[in-house]
Amino acid sequence: MGVRGPDRSHAAYQDLMRYRILDILLVATPYDSFLLEEAGELSERLAGEFRNLDVHYAPGLTVASTGTEAIEIAKRQRSINLILTTPHVADMDAAELARRVRESGIRRDLPVVLLAWDTSELQPQTSRGPALFERAFLWQGDARILLAIVKSVEDWRNVEHDTGSSGVPVILLIEDD
């Protein structure tokens, strides 16, 4: 009686979710950072939301107050795999930051996500160039939006591999709002 190898279906599931966000760079003015932190102790809420989902990792959070500082941090800390920016950064706006990240050669696939305070801030930022932002979200005072941002980017980055290699089903939801 020989020892059997691992179940092939189990092995296929171990190869899912290749892209994980482990380090987030938040780019915001000190005032915006304060507002986000006051709304729910950002780092603690993020870790708590991941624990509630029984996810065994929670992304780290690094804060930069200027676009220039953010680009330097992203160059130095290769572990950064998501830049989350508010519309107005001290030395440039979010669209300019996203453009510079793309052109700086840090990593062409480094996602930059916009977190706006008001719907009026979305259009001027997102209309400035093709695909500067991976996604745009609207802050409404609930820190769980960070979990939604992380999961949205991870799912978008993993969907092709996961559906192709293991047949993971996908539900497509289209909203008109």
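Quick notes on this structure:
- Qualifying residue in segment 96-111 (condition: within 17 Å of Leu26 (Cβ to Cβ), free of Cβ contacts under 8 Å to residues at least 24 places away in the same chain and basic (Lys, Arg)): no
- Qualifying residue in segment 137-149 (condition: under 14 Å from Val27 (Cβ atoms) and not hydrophobic (A, V, I, L, M, F, W, C)): no
- Residue tally, condition of a type in the set (Gly, Ala, Ser) and exposed (fewer than 10 other Cβ atoms within 10 Å of the Cβ), over segment 142-177: 2
- Some residue of segment 99-111 being within 16 Å of Ser33 (Cβ to Cβ), surrounded by 16 or more Cβ atoms within 10 Å (Cβ to Cβ) and not polar (S, T, N, Q): no
- Restricting the first member to segment 162-177 and to residues that are touching a residue at least 60 places away in the same chain (Cβ under 8 Å), and the second to residues that are assigned to a helix (DSSP H, G or I) and surrounded by 10 or more Cβ atoms within 10 Å (Cβ to Cβ), the beta-carbon pairs closer than 7 Å and six or more apart or on different chains are Ser165/Ala12; Ser166/Ala12; Ser166/Tyr13; Val168/Asp162.
- Among residues of segment 80-97, those that are open to solvent by 60 Å² or more (accessible area, probe 1.4 Å) and at pLDDT 90 or above, counted: 1
- Members of segment 64-105 found to be of a type in the set (Lys, Arg) and out of contact with any helix residue (DSSP H, G or I) (no Cβ under 9 Å at 6 or more places or on another chain), listed by number: Arg76, Arg78, Arg99, Arg102
The values are calculated or read from the model by the stated rules, or taken from the named source; none is laboratory data. The model shown is predicted, which means the values in this text are computed figures rather than measured ones. We place every Cβ from the backbone using ideal geometry, glycine too, and count neighbours over all the protein chains shown. We work out accessible area using only protein heavy atoms, side chains counted, and drop any ligands, DNA or RNA first. Shrake-Rupley method; radii C 1.70, N 1.55, O 1.52, S 1.80 Å.
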